[in-house]
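What follows is a short report on a single structure.
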Amino acid sequence: MAQDPNAVNEVPQNIQDLMNKYEFTDIDENALKVSSIRYLEDDRKKLYGANKKFEKLLTADHVLSVECVPKDEADDIKNEDKTVSEKIMIIKGDDLEEVQFEDMIMYDDMDLSQALEYSFDGNTW
């Protein structure tokens, strides 16, 4: 039986536990708390992986989208507009890596999902 290409694969519990133990921070080194974990969509993985700097996304065992909120806002039920940061994490064998790029203007490490995605005249991103 063929697998539905739109089916959502559930992230195994041991991987979720690993992500929940990881110490995520924002650009200002403020602590973040995981709010959701899912596998990165195939189209985004291909888009990012087309760049030689990030082609390891195409060969990783797990490529995850981990959404985080500031730790000090995480349990505030009155705040419906929490700042969400998406972290792209890859796991290959025993190696765990947060995928980031260096902003060439501010020289800060940025989350991959913060990159502008554009192309001109049908060229790839």
| query | Taking the highest mean first, how do the peptides 43-52, 58-67 order by number of other beta carbon atoms within 10 angstrom per residue? | reply | 58-67, 43-52
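Counting only protein chains, not ligands or nucleic acids, how are Lys82, Lys21, Lys56 ordered by accessible area (probe 1.4 Å), most first?
Working: Lys82 60, Lys21 160, Lys56 80 Å².
Descending order: Lys21, Lys56, Lys82.
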| request: Considering only protein heavy atoms, with the full assembly of protein chains and a 1.4 angstrom probe, order Phe101, Phe54 by accessible area, largest first. | output: Phe101, Phe54
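Place a +1 charge on the Cβ of each Lys and Arg in the range 10-76 and a -1 charge on the Cβ of each Asp and Glu, then give the dipole magnitude about the Cα centre in debye, rounded to the nearest 20. Provide the component values of the computation, followed by the final result.
Working: 10 positive and 16 negative charges, 111 e Å.
My answer is approximately 540 debye.
The values are calculated or read from the model by the stated rules, or taken from the named source; none is laboratory data. This one's a predicted model, so the numbers in the text were calculated from it and none came from an experiment. Neighbour counts are summed over all protein chains in view; Cβ atoms, including those assigned to glycine, are modelled from backbone coordinates with ideal geometry. Only protein heavy atoms, including side chains, enter the accessible area calculation; ligands, DNA and RNA are left aside. Shrake-Rupley method; radii C 1.70, N 1.55, O 1.52, S 1.80 Å.
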